[in-house]
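Below is one structure, written out as structure tokens; comments come after it.
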Number of protein chains: 2
Amino acid sequence: MNKKYNVVVVGATGAVGQEILKVLTEREFPVGELRLCATARSAGKIMEFQGKQYTIEETTAGSFNGMDIALFAGGSASKEFAKDVVAAGAVMIDNSSAFRLDPEVPLVVPEVNPEAVKNHKGIIANPNCSTIQMVVALKPIHDAAKLKRVIVSTYQAVSGAGMEAIEELTQQNKAVINEEEVGIKVFPYQIANNLIPHIDIFGELDYTKEEWKMVKETQKILGDDTIAITATTVRVPVYRSHSESINIETETKITAQEAKELFAKAPGIIVVDNPDKKEYPMPLFSSNKDEVFVGRIREDNSIEKGLNIWCVADQLRKGAATNAVQIAELLIK
Amino acid sequence: MNKKYNVVVVGATGAVGQEILKVLTEREFPVGELRLCATARSAGKIMEFQGKQYTIEETTAGSFNGMDIALFAGGSASKEFAKDVVAAGAVMIDNSSAFRLDPEVPLVVPEVNPEAVKNHKGIIANPNCSTIQMVVALKPIHDAAKLKRVIVSTYQAVSGAGMEAIEELTQQNKAVINEEEVGIKVFPYQIANNLIPHIDIFGELDYTKEEWKMVKETQKILGDDTIAITATTVRVPVYRSHSESINIETETKITAQEAKELFAKAPGIIVVDNPDKKEYPMPLFSSNKDEVFVGRIREDNSIEKGLNIWCVADQLRKGAATNAVQIAELLIK
């Protein structure tokens, strides 16, 4: 019989937590004992996993005893309980931003830098959702032609702000259609029939933290902080799957055809790029899927060595749950 | 008494045509005789202008006799009737793409190249909606620091595809909420809860015609085809007002503060850029307005001389009707 691993999911009731449970099942992760934790507010609720019912426990310092892997869905629990996970001898795979730029913590996208997992000291960070899909797409181009500069504009789904945000978009869409007053709770403004060019808090040079994540995390994952990256991140009224318009400048010339071939061979990428047949990636058709979809692959007409691409991936899947479970798979390999 | 001008609006019943009538009134254009034309399908309908009722006439070669200004809302009528407008001695202000790149036809944005109006030979072209708002924003930067390269990603409202498209988004939003089958007519795919990275037909190098318009029209309006421009155009589930993430590289250095001051002084621009107060341009709050809203003004962290900006404007207003009426104002000045 194959070895099984005891797994605790912290934040199990949220959008990412629920997706982690689905992905553990779909990818047949060898789960031994399973523990589902959340805040006191959710404690006592019942969730199902592979036909068995589990009672949600409040996360405490003791939640990690006897566990091998602790999957943290995100939020403030990560910082609070990291030392307890490590003390218990489990490995934390963390979806929050708390440790991502810590030089002691590997920041891992399994298609890109799987080797980084080896250097962990009890904590492995899962990158930001927008970063994960971009770096999967950039990797084959970087390997072939070395990235010089990346300019990205995002079109981010409401799922990135959790379950309440998904519900908020539905309620707002209803209110807009019925010409009723639109309630606002999760986002700073109405998102239905609108765009909000503001994700996470504002920081240095008036860029948002979300924009800086795309810069710093990408440089760390690719192991090259000479790659120049600038980002503009925007929330759009789409339920699920983030989209990105990525402009890439490379050191050596790469044609659109060569880029298509590189993407087609790269792990975790599906090329959807057939203008004649109106085939290109779209969030509606990329949801509930684990891959990163790349299309609209064009040589940049404005410089000698550049590309424009359009990249879409399910933010809750590859952008969070799938990537975390893939890291767990690397750990037990 | 001030001189009045006889005006014919061709395509009066469409989204742009209706907006032209509103703008003529709001801006107190000295309309003498007014004639409202459209296709045979709309002929006989009644429309109101300044409290008077008008019967829509089918556009014919004779529609321009006795007219001073012919405002064409767009579509195939422009090519069909251009020679008749010129023969009648009227001036055509054309919102279609038919003549925009014709070297004999001025392509005019009044805040940017008003002097071009003088060289007309009976036809003046109104640029593409995405181009108009971008070029208004680029102009003060170009004058101060000379544009070297522009990389733009658009977030275009459904209003750009006309009234049927606006109705389609409403119907699809309802269907999504009620979990009913979503009907598709105007766009190639469902646009509610989705993004479609495809506007107009595909062309050279797999860029769409919409993307090439942003390149070629901008170069023509700014009178400088050495400016390198590349575009990715995307339809978003927003009713009205296009948004654009614009990355700008300049010949000389310009700080974010200098850029803000230039924008604040520039005609037709309203700066909305106060991160501390969560103030930035958004399509929901830019609709039914004539100005171009610019915010998220940041120095580009990835190069020495560059900026990132976020630009929003009502596609039916400044992107079409307002710009056309402004051209008419230049003509009679």
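The values are calculated or read from the model by the stated rules, or taken from the named source; none is laboratory data. Quick caveat, the model's predicted, so the values are computed rather than measured. Using ideal geometry, Cβ is built from the backbone for each residue, glycine included, and neighbour counts are taken over all protein chains shown. Calculation scope for accessible area: heavy atoms of the full protein, side chains included, ligands and nucleic acids excluded. Shrake-Rupley method; radii C 1.70, N 1.55, O 1.52, S 1.80 Å.
Some points to look at:
- Among the residues of the stretch A:124-147, the one identified as out of contact with any Gly (no Cβ under 6 Å at 6 or more places or on another chain), closer than 18 Å to A:Arg240 by Cβ and among the β-branched types (Val, Ile, Thr) is A:Thr131.
- Just one of the listed residues (B:Ala256, B:Ala264) is open to solvent by 50 Å² or more (accessible area, probe 1.4 Å) and aliphatic (A, V, I, L, M), and it is B:Ala264.
- The criterion of being within 29 Å of B:Ala165 (Cβ to Cβ), modelled with pLDDT under 95 and either out of contact with any Cys (no Cβ under 9 Å at 6 or more places or on another chain) or open to solvent by 30 Å² or more (accessible area, probe 1.4 Å) (or both) does not hold for B:Gly44.
- Selection within the stretch B:96-124 - crowded, with 17+ Cβ neighbours inside 10 Å, over 24 Å from B:His142 (Cα atoms) and not aliphatic (A, V, I, L, M): B:Ser96, B:Ser97, B:Phe99, B:His120, B:Gly122
- Search result, residues across the stretch A:270-318 that are among the aliphatic types (A, V, I, L, M) and within 25 Å of B:Met214 (Cα to Cα): A:Val272, A:Met282, A:Val294, A:Ile297, A:Ile303, A:Leu307, A:Ile309, A:Val312
- Matching residues in the stretch A:290-315 - criterion: being open to solvent by less than 10 Å² (accessible area, probe 1.4 Å) and either among the small types (Gly, Ala, Ser) or free of Cβ contacts under 8 Å to residues at least 12 places away in the same chain (or both): A:Gly295, A:Gly306, A:Ala313
- In the stretch A:191-210 there is no residue that is small (Gly, Ala, Ser) and away from chain B (no Cβ under 14 Å).
- Number of the exception - A:Ser287 against (1) open to solvent by 10 Å² or more (accessible area, probe 1.4 Å); (2) among the hydroxyl-bearing types (Ser, Thr, Tyr); (3) in contact (Cβ under 8 Å) with a residue 60 or more places away in the chain; (4) within 10 Å of another protein chain (Cβ to nearest Cβ): (3)
- Yes/no for A:Pro275 being over 25 Å from the mean Cα position of the chain (by Cα), within 24 Å of B:Gly203 (Cβ to Cβ) and buried (at least 17 other Cβ atoms within 10 Å of the Cβ): yes
- If you go through the stretch B:61-93 and pick out every residue that is open to solvent by 10 Å² or more (accessible area, probe 1.4 Å) and under 17 Å from B:Gly17 (Cβ atoms), you end up with 7.
- Scanning the stretch B:125-142 for residues being touching a residue at least 40 places away in the same chain (Cβ under 8 Å) and either open to solvent by 10 Å² or more (accessible area, probe 1.4 Å) or outside any helix (DSSP H, G or I) (or both) gives a total of 7.
- Residue match in the stretch B:257-270 (condition: within 11 Å of chain A (Cβ to nearest Cβ) and not basic (Lys, Arg)): yes
- Flag for B:Val152 being surrounded by 21 or more Cβ atoms within 10 Å (Cβ to Cβ), outside any helix (DSSP H, G or I) and more than 14 Å from every other protein chain (Cβ to nearest Cβ): no
- Members of the stretch A:293-329 found to be more than 14 Å from chain B (Cβ to nearest Cβ) and of a type in the set (D, E, K, R), listed by number: A:Arg317, A:Lys318, A:Glu329
- Condition check for B:Gly160: of a type in the set (Gly, Ala, Ser), away from chain A (no Cβ under 12 Å), closer than 29 Å to B:Gly11 by Cα and not in a helix (DSSP H, G or I): no
- Members of the stretch B:101-115 that are in a helix (DSSP H, G or I) and free of Cβ contacts under 8 Å to residues at least 24 places away in the same chain: B:Glu115
- For the stretch A:210-253, a residue qualifies if it is surrounded by fewer than 24 Cβ atoms within 10 Å (Cβ to Cβ) and free of Cβ contacts under 8 Å to residues at least 60 places away in the same chain, and the qualifying residues are A:Trp212, A:Val215, A:Gln219, A:Asp225, A:Thr226.
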